[in-house]
1. Show that you can apply the helix-only estimate: for the chain, add -39,500 (n - 2.57) for every DSSP H stretch of four or more residues, divide by all residues, and state [θ] at 222 nm to the nearest 500.
2. What label, among (1) 54; (2) 67; (3) 58, belongs to percent of Cα pairs over 25 Å apart computed from the structure on display?
3. Set the Förster distance to 41 Å, then compute FRET efficiency between residue 184 and residue 301 from the Cβ-Cβ distance, nearest 0.05.
4. Give the angle, between 0 and 90 degrees and rounded to the nearest 10, that separates the Cα long axis of helix 248-258 from the longest principal axis of the Cα atoms of the chain.
5. Kindly flag which residue pairs out of 37/94; 32/251; 196/225; 37/270 have an alpha-carbon separation exceeding 28 Å in this structure.
6. Determine, for 229, 212, the number of other Cβ atoms within 10 Å of each Cβ, and report the residues in order from fewest to most.
7. Quick query: amide H of residue 67 versus all other amide H atoms, modeled in the peptide plane; which residues come in under 5 Å with a sequence gap of 5 or more or a different chain?
8. Show me, for the range 98-115, the HN-Hα J-couplings you get by feeding each phi into the Karplus relation (A = 6.51, B = -1.76, C = 1.60, θ = phi - 60°), rounded to Hz, glycine and proline as x.
Amino acid sequence: MARLTCVGVIIFSVFGIIYSLSTGTLHCRGVKDEFAKISSQDLVPDLPTIDEGLSICSRGLTPRQATCCSKETEPVYAVASETYVMNNIRARNKFLKSVVTTHLQYYRETILELIQHTLNNTRAKLSEWYGIPTEEHRHIVNNLFLSFEDFLKSNHVLVEESVSKFFDNILPVIYKNVIYRDSKSWTPAHANCLMKHRSEITPQPFGKNPEEIAANLNNALGLSKSYLEALAVILETINNTDNLALENECKNAVVRLQYCSHCRGFIDVKPCNGFCLNVMRGCLSNMAELGSEWNNIITSIEGMVREMSDKSLGDAFKKLSIGITDAIFHAVTTERNFNKS
């Protein structure tokens, strides 16, 4: 059906030209009005003229054929064609960027809310369950959760080290307020000794809880970080296509698609769908490698989403909160062995 329509348009166009030439009514008035939308209409002749300087729209013209185009109008058409293509790309990119940016912002806010909720919950337990003064554990807990935020932003934070440091610093606080409970004889030297040698104490005061917490958080935070980075790459890729430079061959093809019919005085003739598709395929052929990389990114993100459903960050923070409680309980219930060491 599309082919029949295209043939019909061509036949109609040919008969239109023949009729116009035979009656002597062929003029460029409509072309001038249309050209005024993109540049000065003075560049378009009032009547068809012969311009042997045509290079883009010369295809299909017979030698010495008069047209409404000139070597001055072709560059203007080329610029207008590039603007048309890029405006369409940017319009579609704008919507896509909005979707990705909104999701990226929502996901970041969700993580930060989760971190803040778990932080508040941890501090409340230390104060309410174990009677530890807030000023003694506030900075220790805050630093742990700040390290999680820093991990998502940079490559210079190790989750395992942050968790280990937290338990090093919290041990003296637990020992002083929950196990030892003799603030009169407690000295900073006791605190420093426990902090420096926590990993050497046998048996471990917190059991295997620190290692299990670190492993769970490292996996979950690592996936979330990779997901955020992948979304950032997608945004960068979209931004790069906003500034894509069209090759001359592409611009010339779009001119033939949109404007070369004006040379014959036909401003309302629309190109066939097949012609449009072929032109755009040619314009985007140099982006084939980008398409392959894009598919790889999408595939990777799909894999991350599936894995994130199995290793939920929310579950990891729940295990963190429970794990800290279990670690303290372990230290309290094994205080005899702990005191001996």
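1. When only DSSP H runs of four or more count, the value is -24000 deg cm²/dmol.
2. Working out percent of Cα pairs over 25 Å apart from the coordinates points to (2).
3. E between residue 184 and residue 301, to the nearest 0.05, is 0.10.
4. On a 0 to 90 degree scale, this one is about 60.
5. Table pairs above 28 Å Cα-Cα are 196/225.
6. Least crowded to most crowded, the residues run 229, 212.
7. Amide H to amide H, under 5 Å and 5 or more residues apart or across chains, residue 67 pairs with 49, 50, 51.
8. 4, 5, 5, 4, 4, 5, 4, 5, 4, 5, 4, 4, 4, 5, 5, 5, 5, 4
A short reminder: the numbers here are calculations on the coordinates, not readings from a lab. This one's a predicted model, so the numbers in the text were calculated from it and none came from an experiment. Note that each Cβ is placed from the backbone with ideal geometry, even for glycine, and that neighbours are counted across all protein chains shown.
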